[in-house]
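The structure appears right after this line, and notes come after that.
Computed from the coordinates by the stated procedures, all read-outs in this text should not be read as laboratory data. Not measured: the values here are computed from a predicted model. Please note: Cβ atoms are built from the backbone with ideal geometry, for glycine as well, and neighbour counts cover all protein chains shown.
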Amino acid sequence: MRYSAILFIILMLFPAAASARPVSYPEGWTLMLRNDADQNSAHVHYTFDTKHSIGARVRYDRSRDFVFTGAQLNRLIKRRNTRDSQANLYGRIGAGVVSDDKDPGENRAKRDTDAALFLGLSADWETRRYFVSGSAEYWDNGRFGQTKSLHSRAGIAPYIANTGALHTWLMVEGHYRPDDADETGASALVRLFKGPSLLEFGVDDRGTPLLNYIHRY
């Protein structure tokens, strides 16, 4: 079974119902699943203090047909709270191996593998009504090449929900991937979250469905 199918099955096994931030509360576990036209990704991490989390990540790159498997460390670099808003800056670093995604029936010993390194930086700002974020990623995939990407988001809540209620956000996302044939793209998403669970669904400008899920334990 290919990695993309495995990650999709994992997603379906969890209840579909919070925040997309990579550092939770101390001693908390977080599951983060992302699926779009370019990747399927699963990231499980444990927050061991107020500024750091560490975990495992598996990422299938659809356009280049390879899989990253490794460990990732997340750090909250800066947080600024005001009476009406919160802003955050995060850094991420990961290391592991990449391998081409050949079918299981083929000789696994012949798979191309190499060491890989990942670096990321992200920031967000939100009130109870508005949300904006941006992120930059760099991947050194060994013999599979280097990739870079920029992502940005903007969102608005059509209503202000009370604590514990269902929160709804309408969002648009843009990306720039200079190493891909389609350098730029955009997506429209609906974000729903209640308590520890967050679900996002939408579609990109190529008509590809998007589905992301986060749960904190």
Stretch I54-A188 to full length: gain in nm at 0.36 nm per residue minus the Cα-Cα span? 45.2 nm
Under 12 Å, Cβ to Cβ, from S53 - net charge with Lys/Arg +1 and Asp/Glu -1: +4
Taking only pairs that are 8 or more places apart or on different chains, how many Lys pairs in the chain have Cα atoms under 30 angstrom apart? 8
Using the Kirkwood formula on the Cα atoms of the chain, what hydrodynamic radius do you get, in angstrom to one decimal? 18.1 Å
Expected vector for the range 41-58, Karplus 3J(HN,Hα) from phi with 6.51, -1.76, 1.60 and θ = phi - 60°, integer Hz, x for Gly and Pro, equals 9, 10, 9, 10, 9, 10, 8, 9, 8, 5, 10, 9, 9, 9, x, 10, 9, 10
I'd like the Karplus ³J(HN,Hα) series for the range 117-129: coefficients 6.51, -1.76, 1.60, θ = phi - 60°, whole numbers in Hz, and an x wherever there's a Gly or Pro. 9, 10, 10, x, 9, 9, 9, 8, 9, 8, 10, 6, 10
How far is it, in nm, from the label point at F201 to the one at W125 when both lie 7 Å from their Cα along the line to the Cβ? 3.3 nm
Given charges at beta-carbon only (K, R positive; D, E negative), |dipole| of the range 117-213 in Debye: 400 debye
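Can you give the local net charge around A188? Use residues other than it whose beta-carbon is closer than 15 angstrom to its beta-carbon, Lys and Arg +1, Asp and Glu -1.
Overall, the nearby charge balance is -2.
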Considering the options H43, Y25, L166, tell which one lies farthest towards the positive end of the dipole of the chain, charges being +1 on Lys and Arg and -1 on Asp and Glu at the Cβ, about the Cα centre. Y25
Taking the Cα centre of the chain as origin and charging only Cβ (+1 Lys, Arg; -1 Asp, Glu), how large is the dipole, in debye to the nearest 20? 820 debye
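Once the mean 1/r over all distinct Cα pairs of the range 118-217 is inverted, what Kirkwood radius in angstroms do you read off? Don't jump to the answer; show the numbers that get you there.
Working: mean 1/r = 0.0663 Å⁻¹.
Roughly 15.1 Å, rounded to one decimal.
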